[in-house]
Structure formats: structure tokens, C-alpha cells
Amino acid sequence: MATALAMPKLGMTMREGRVVSWPQPVDARVEKGAVVLVIESEKAEVEIEAPAAGVLRHVYVPEGETVPSGTLLAAITETADEPFDAEAFRRVHDRPEAPAAAGPVPPAAVPGGGSVRRTAETPVTPAARALARRLGVEPARVPGTGPGGRVTREDVEAWAARRRALVPVAEGVALEVPTEGAGDPVVLLPGFGTDVSMFARQIPVLAERWHVLGVNPRGVGLSDAPEEARYEVATMAADVAALLDEPAHVVGASLGAAVAIELALVHPERLRSLTLITPFVEADARLLAVVDAWCRVASEASAEAVARLLLPWMFSRAYLADEGRRERTARGLAATAPRVPAPTLARAAAGMRAWSGSRRTDLARLALPTLVIVAGDDLLTPDGEAVAGAIPGARCRAVPRAAHAVALEAPEAVGEAIRTHLEAH
């Protein structure tokens, strides 16, 4: 008997993982529960335990390779000399998921949608093309998991299923809203240029007690991307309000905090509590300059270039001095960048500029239990404490020696602060 070890899916945002190391060599004896693999996912390293005792008989994915969740990584047999056919075992147990969207999906990805761009060079199997035709899916927009990026029938099925799971929020607009856990709703609103994976380290903590909903805004991931001049903060807040059928705890970071503030001002009855991470009510010159550079680089260069641009603005000196964490984070940011394409960045940036300063005198009207989390080394939104001071009764939690991406840099401190706030309200 052989036991399969596959790339796990750790939480609602994980789509793929990178094999960091195999601590034990092939043919080594392993005990159930012993660490047999280290993977990198969502910008963090995770130790994976052996699901059964036996011999690490075959490794399918070498160190340094990134593969989708569900990909067969290794086989463990009870003994070293029992018959074992590695290829036959792979055919039975290799079940990779379709990768995450590399950008927003146009309406033609579901029946009844409009036109899309077509890419004739995209490799597609005949079975996948036939299924895509039946489902109304444009195969050129489906990330492929087959050899050379070929789109398979399974890729089309998974893509269509994820599109069916989108939640309508306005006429012709539906959003990707992955969920996890049960209980009262907690809504997570990511910052500019990212998706809900920025909360990957907080989601498991919150999902132990609450029903967590991660909202990918317009143009992010699988969410629809209307061709508008700008994505207004008020519109993004209205989208969130449309998702809620009962009052929720709302957590927003950076631009997501602006959306949360707007939501709380316009629809206070939809909120139980408010958590603002590195918030602003007026974008200063540095923040706007970084956003402009981000948009420009995203339109002209690679995802890795975007990641390298962001590192010194998003993370503290101490964090960047750790080469392992720095490079792991760079890979994570580069993986996220394609989910927020350049047109979405430009529209979100225009919406941010239009909103900036418009709510400066309105914070005093907020009457919700509010937690503001600020970072001691934040270069981009350094006025978080002033935001907290302007909200009646707000509590401010400072995370020293962390920068703007505090949810990634100090995940435990941020997760504990949010959990404590939610439990109190």
C-alpha cells in the first residue's frame, strides 16, 4: 500500500505552493506526524507532516518548483521493497487544481456574457476546447495546468465552477468572495494592488470562530472589471454593502480601510465593528507617487519588477535585512501581481485620488466600535494615529518596527489584535 502526499490547500486563498525542501532523502524511513516536507505558500513557509509511517519511496516535485494545490508531491510505501509503479501511482493520485486567475475574467467566461480578447497561441486540448464551447468559456483566459501551460478539460471545469461562485453586487458586476469558517460574518477588504491573500495569515485565526468573507474588489482576481474611468471608493463600498445580509465585522487595510470608512459612514447599520489597518483619509504626496510608479511599472514590466519596486516601500529595514523572508515575500508579491492587472490599478488609483480628503471631517460621525492598527515604520500612511484620534472611542494598536504591509510583516500581532477586538464586540 502506498500513501499519496499532495500539495495541500491551506486556507481559502491558497492556489499553489513551492517546494522548499525535503528534509528526508528518498528511501528514508519516516514516522507518521514527522516533518517530511517544507513548502512555501502565501509568503510563508509551512512544515508538512507525513500522513503515514513508511518509506519515502518517490518524490515527484523537486525543491524549488511551484505547483498547484492537489499536485502529487511524493509517495510513501509501507516497506522499501514492496512493488511500486511510480507512473501508475501518479496517474491515479495527481489532481492539480486550476491555478488562480491571472487577471479579471471578462463576461464571456459564463453563458450570456459579452465579447473577450482571444489568443490563438494559447495551447488547448481538443476536449477542453469542446467543453469550453459548451460552457461559453473563452479558453484563452483559462490558466492551464497541462504540459507547457496547456489548458485541459479539468482546467475549464474548474474555471467555470469558480465563475459560477461569483456573487452579484450590481448590474453586470459580480465579485469573487472566497469564504471560510462559520459564525458571525467578518469581511476582509484588501489594499491597493492586492487581493485577499494579503490576509492569508489572519484568515485561519479568524475562521476558528467567525465566517470569514474575503472580498476581491472590481478587477481583482476573478471579479468582473467594468470598463470605467475609475473605481470610486463609494462604489466599492456599495459593492460590499450588497454582499451583506446581516451586520458584519469589517476589516480593511490601506485602500480597503478607505472603503471600510466609506461603508461605515453610508451604511452604519451593516456593520458590527470596524477595524482599520494602516488607514488614511488623505493620500499624501509619497503615497500618490508610489501608486503612480506602481501603475507605470505594472503596465510596462514584469510581475517580478512590480514586486521589487514595492519591497522597500512596504516593509521595514529589519524585515528586508532577512534575505530568506525578503525573497519569499518577493515571490509572493510577484505571484499576486498578475491578479491585479494594470487597467485595474489605474482605475483604483483614480478612485483613491478622487476620495482623498473628502471624508476628513466626517470621521467624528463614526459611532462603531473601532480598532485602528498602525505600523511604527509606515512610510506610506503615517497618519494612522490621527485617524484613530478623530474617531470617537476608537482604540489604536501600534505595531513597532513594522511597515505598511503590517499584516504580512507582523501577522501574529495583527491577527491577535483583530481577534481580541472582534471578541469584545
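The values are calculated or read from the model by the stated rules, or taken from the named source; none is laboratory data. Remember, predicted model here, so these are calculated numbers, not experimental data. With ideal geometry, Cβ positions are generated from the backbone for all residues, glycine too; neighbour counts draw on all protein chains shown. Accessible surface areas use protein heavy atoms only, side chains included; no ligands, DNA or RNA. Shrake-Rupley method; radii C 1.70, N 1.55, O 1.52, S 1.80 Å.
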| query | Put a dot 7 Å past each Cα toward the Cβ at residue 209 and residue 129; how far apart are the dots in nm? | reply | 5.5
| remark: Under the 7 Å Cα-to-Cβ spin-label approximation, residue 85 and residue 300 lie apart by a distance in nanometres of 5.6
| Potential lengthening between residue 53 and residue 293 on full extension [0.36 nm per residue; Cα-Cα distance subtracted] | 81.2 nm
| remark: Share of accessible surface on carbon and sulfur in the range 217-367, whole %, 1.4 Å probe and ligands ignored, is 52
| field | Degrees, to the nearest 10: 126-135 long Cα axis against longest axis of the chain | value | 40
| Relative contact order (%) - criterion: Cα under 8 Å, at least six apart; region: the range 228-309 | 26
| said: Leaving out ligands and nucleic acids, and using a 1.4 Å probe, what accessible area per residue does the chain come to in Å²? | reply: 42
| task | Before anything else, pin down the relative contact order of the range 166-240: Cα pairs under 8 Å, at least 6 apart, normalised by residue count, whole percent. | result | 36
| request: Mind ranking 295, 396 by accessible surface for me, highest first, 1.4 Å probe? | output: 396, 295
| query | Looking only at Cα atoms, what is the convex hull volume of the range 229-302 per residue, in Å³? | reply | 114
| In the calculated pair distance distribution of the range 291-386, what percentage of Cα-Cα distances lie above 23 Å? | 41
| query | Tilt of helix 411-424 relative to the longest C-alpha principal axis of the chain, in degrees (0 to 90, nearest 10)? | reply | 60
| said: Can you tell me, using C-alpha contacts under 8 Å and at least 6 residues apart, the relative contact order of the range 1-98 as a whole percent? | reply: 34
| query | Could you give P(r) for the range 1-52, binned at 10 Å from zero, as whole percent values over all Cα-Cα pairs? | reply | 24, 53, 22, 2
| How large is the helix-only mean residue ellipticity at 222 nm for the chain, computed as the sum of -39500 (n - 2.57) over DSSP H runs with n ≥ 4, divided by its residue count, in deg cm²/dmol to the nearest 500? | -10000 deg cm²/dmol
| query | What angle, in degrees between 0 and 90 and rounded to the nearest 10, separates the Cα long axis of helix 303-314 from the longest principal axis of the Cα atoms of the chain? | reply | 50
| remark: Taking a label point 7 Å from the Cα of residue 327 along Cα-to-Cβ, the residues of the range 32-54 whose backbone nitrogen sits under 19 Å from it are 38-47
| Among (1) 22.3, 75; (2) 32.6, 108; (3) 23.3, 72, the entry that matches Rg and Dmax of the Cα atoms in Å as calculated here | (1)
| Kirkwood hydrodynamic radius of the range 180-307, from inverse mean 1/r over distinct Cα pairs, in Å | 15.4
| remark: Stokes-Einstein, Kirkwood over Cα pairs, the range 136-252, 4 °C, 1.567 mPa s; D in µm²/s equals 84
| field | Accessible-area ranking of 93, 404, largest first, probe 1.4 Å | value | 93, 404
